[in-house]
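Take a look at the structure below.
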Amino acid sequence: MNHRSVYIRAAALALVAIPVAFSQPVDPIAPTTRARSAPVFTMYVENDSFTGTDQHYTNGLKFSWLSADLVDWGQTGWRKTCVELLPFINRPDAQKNLGFAFGQNIYTPRDITTVNPDPTDRPYAGWSYLELAFVSKTPAVSDTIALQAGIVGPHSLAEDSQRIFHQWIGSARPRGWDYQLRDEIGVNVAYERRWRLYARALVQTLGVDLVPHAGVSLGNVQTYANAGGTLRLGLNLPSDFGVQLARPGSVGGSPTDDLDPRVALDRNFSLFIFGAVDGRAIDRDIFLDGNTFRSSRSVDKQPFVADLSTGVGLIAGRWQLTYTQVWRTPEFKTERGRYNNFGSITLSRAY
């Protein structure tokens, strides 16, 4: 194991442990009238070209919409019964939001110029999906249950997306898509809890907060358990649960109270920096393990993968823009290189 991987894993474990030492609840009595009436639209753009590479997790695009607070889930009959059976999200004192999203992820080997890719390298794969999410949150705790359904394989149209994008930026044409994973319907159910355990003003508008998280994903696409956290420092920090990557359950972050600069009357600007870690214990990853019921290319995956990321965020009025730089430890045993890196841009607007 290389030294950088050791450092990333150690950072992940350390940040997960921080809440034990610093757990203090945020003030639960801040007004929430304007925050409850603010739906949020978010666009995620993730690509390794931001870091000068072109391999492995090479592109992710996601568009999401998160509703304003709902008095209840807005359904009747059997639909209401089904939603009320979902755990964690039906606390009577919590804000309730519905999220909808669609997206596409693209995965390629290290060398995209070879017609017959190296069988020991990550196979070509695409994943296009729709997502429905149920979010329940208080100023201190957020629970998300998300259902993703889509398709892996040629009908994900990942090959067309990558070729069009590469033509647009003048990059090399990917030539190995004939060996991509075969068509397979994918279904994933994900749950994640996020805490805002430590949120304090240091001097006037300068503040700091800590947002640990833990979750699980189950399905034929990805099955894993994950945990990590985000530490933020800046001016007029938003009262949400931090910046997320375009992964299951990420449907944008809406304000939890009226102190958030996107809805506050006395502030409409925020500038902050953040660092985050996320560790995943992985049981299945179709993009590495290959198709579930059909023969396809595959590699031996690593059972534990960690992400270390840093970034900067800006809020101006109801708009928020963030950039995140991500370093990811090797995902399969024959992977070359110490880590993968990519950039993630999110642009959102609260209405």
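The values are calculated or read from the model by the stated rules, or taken from the named source; none is laboratory data. Only a predicted model underlies this, so the values are computations on that prediction, with no experimental measurement involved. Cβ sites come from the backbone with ideal geometry, for glycine too, and all protein chains shown count toward neighbours.
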Exercise for the section: Taking the options ALA227, ALA190, ALA201, name whichever one is assigned to a strand (DSSP E or B), closer than 21 Å to LEU61 by Cα and not β-branched (Val, Ile, Thr). Expected result: ALA190
Exercise for the section: Kindly check whether there is at least one residue in the range 286-301 that is out of contact with any strand residue (DSSP E or B) (no Cβ under 6 Å at 6 or more places or on another chain), of a type in the set (S, T, N, Q), surrounded by fewer than 15 Cβ atoms within 10 Å (Cβ to Cβ) and over 22 Å from PRO248 (Cα atoms). Expected result: yes
Exercise for the section: Filter the range 231-264 down to the residues that are small (Gly, Ala, Ser) and touching a helix residue (DSSP H, G or I) at 6+ places or on another chain (Cβ under 9 Å), then identify the one that is surrounded by the most Cβ atoms within 10 Å (Cβ to Cβ). Expected result: SER254
Problem - Those residues of the range 264-302 which are farther than 23 Å from TYR124 by Cβ and not in a strand (DSSP E or B), in sequence order - result: ALA264, LEU265, ASP266, ARG267, ASN268
Handout entry: Candidate set: the range 117-129, residues that are in contact with a Ser or Thr (Cβ under 8 Å, 6 or more places away or on another chain) and assigned to a loop (DSSP other than H, G, I, E, B); chosen: the one surrounded by the fewest Cβ atoms within 10 Å (Cβ to Cβ)
Key = THR120
Problem - Test: residue in the range 165-186 that is aromatic (Phe, Trp, Tyr), at pLDDT 95 or above and assigned to a strand (DSSP E or B) - result: no
Exercise for the section: Kindly indicate the residue of the range 174-195 that is in contact with a Pro (Cβ under 7 Å, 6 or more places away or on another chain) and of a type outside the set (A, V, I, L, M) and also nearest to SER239 (Cα to Cα) among those meeting that condition. Expected result: TRP195
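Here's the yes/no breakdown for (1) within 17 Å of the chain's Cα centre (by Cα); (2) surrounded by fewer than 22 Cβ atoms within 10 Å (Cβ to Cβ):
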position: GLN55; (1), (2): no, yes
position: LEU61; (1), (2): yes, yes
position: SER67; (1), (2): no, yes
position: GLY77; (1), (2): no, yes
position: ARG91; (1), (2): no, yes
position: ASP111; (1), (2): no, yes
position: GLU131; (1), (2): yes, no
position: SER142; (1), (2): yes, no
Problem - Looking only at the range 252-280, and only at residues there that are within 16 Å of the chain's Cα centre (by Cα) and under 24 Å from ALA306 (Cβ atoms), the one that is modelled with the lowest pLDDT - result: GLY253
Practice task
Please tell me if GLY170 is at positive phi and free of Cβ contacts under 8 Å to residues at least 40 places away in the same chain.
Solution key: yes
Handout entry: Any hit, the range 223-230, residues being touching a Gly at 6+ places or on another chain (Cβ under 9 Å), small (Gly, Ala, Ser) and crowded, with 23+ Cβ neighbours inside 10 Å
Key = yes
